[in-house]
Amino acid sequence: MRGSQGLFWGIFLIGIGVLMIIKYQFKLNISMPRIIIGVLLLALGISMLLGGPGVKTQSSVIFSEGNVQAVKPEKEYNVIFGNLVIDLSTISKDELGDSIKINTVFGNTLVKIDPSIPTLIKVNSAFGSGSTPDGSTIVFGDHTQKIGEGDQILTIEANVVFGKIDIIEK
């Protein structure tokens, strides 16, 4: 990620410098603030094509993609303009009773669960697609599915807006 940030700022600063030289060398009457915004958008676009200025942490993916093998899962996962695969099939029994919130906005998320672990799945969708292991697909609204019985259950709250989230049994 460090390299893509350097690439972005390098392209941006070189572009601004070249434009300033052209403006003063040829005595052009151009608006520099408008040009700076244009170069910023151009540099951001080039940077995204070459790997993106994405942010990727243990629990968040923004303009990037990743995989999470969750033995001890985070309480919340966020996917914004990216792709994330969350494998909850190896979750430890100590984590049962916890709640995991997964938010997907303009992205794709795949969640893998173990069918032998009691799980309560709540999918909320607004102009997105959310599918559960029972074959239900939600585009607008909510759906709840319970898998298995037990005192300790894993609760997954999946929210999707203009994106896609698939919850499958592994």
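The values are calculated or read from the model by the stated rules, or taken from the named source; none is laboratory data. Everything numeric here is computed off the predicted structure, so don't read it as measured data. Here the Cβ positions follow ideal geometry from the backbone for every residue, glycine too, while neighbour counts run over all protein chains shown.
Some points to look at:
- Sole residue being in a strand (DSSP E or B) and of a type in the set (Gly, Ala, Ser), chosen from GLY135, GLY141: GLY141
- Answer from LEU110, LEU120 - the residue that is under 19 Å from LYS56 (Cβ atoms) and among the hydrophobic types (A, V, I, L, M, F, W, C): LEU110
- Being under 29 Å from TRP9 (Cα atoms) and either within 15 Å of the chain's Cα centre (by Cα) or in a strand (DSSP E or B) (or both) is a condition met by at least one residue of the range 84-99.
- Residue check for PHE140: out of contact with any helix residue (DSSP H, G or I) (no Cβ under 9 Å at 6 or more places or on another chain) and free of Cβ contacts under 8 Å to residues at least 24 places away in the same chain: yes
- Every test in (1) closer than 19 Å to THR57 by Cα; (2) exposed (fewer than 15 other Cβ atoms within 10 Å of the Cβ) is passed by GLY150 save one, and that test is (1).
- Scanning the range 89-119 for residues that are without any contact (Cβ under 8 Å) to a residue 60 or more places away in the chain, closer than 19 Å to GLU169 by Cβ and touching an Asp or Glu at 6+ places or on another chain (Cβ under 9 Å) yields THR90, LEU96, ILE100, ASN108, THR109, LEU110, VAL111, LYS112, ILE113, ASP114, PRO115, PRO118.
- Among the residues here, VAL71 does not qualify as modelled with pLDDT of 75 or more and either β-branched (Val, Ile, Thr) or assigned to a helix (DSSP H, G or I) (or both).
Residue-by-condition table, conditions (1) part of a loop (DSSP other than H, G, I, E, B); (2) of a type in the set (Gly, Ala, Ser); (3) loosely packed, with under 15 Cβ neighbours inside 10 Å:
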{"site": "GLY66", "(1), (2), (3)": "no, yes, no"}
{"site": "ILE102", "(1), (2), (3)": "no, no, no"}
{"site": "LYS112", "(1), (2), (3)": "no, no, no"}
{"site": "PRO115", "(1), (2), (3)": "yes, no, yes"}
{"site": "LYS146", "(1), (2), (3)": "no, no, yes"}
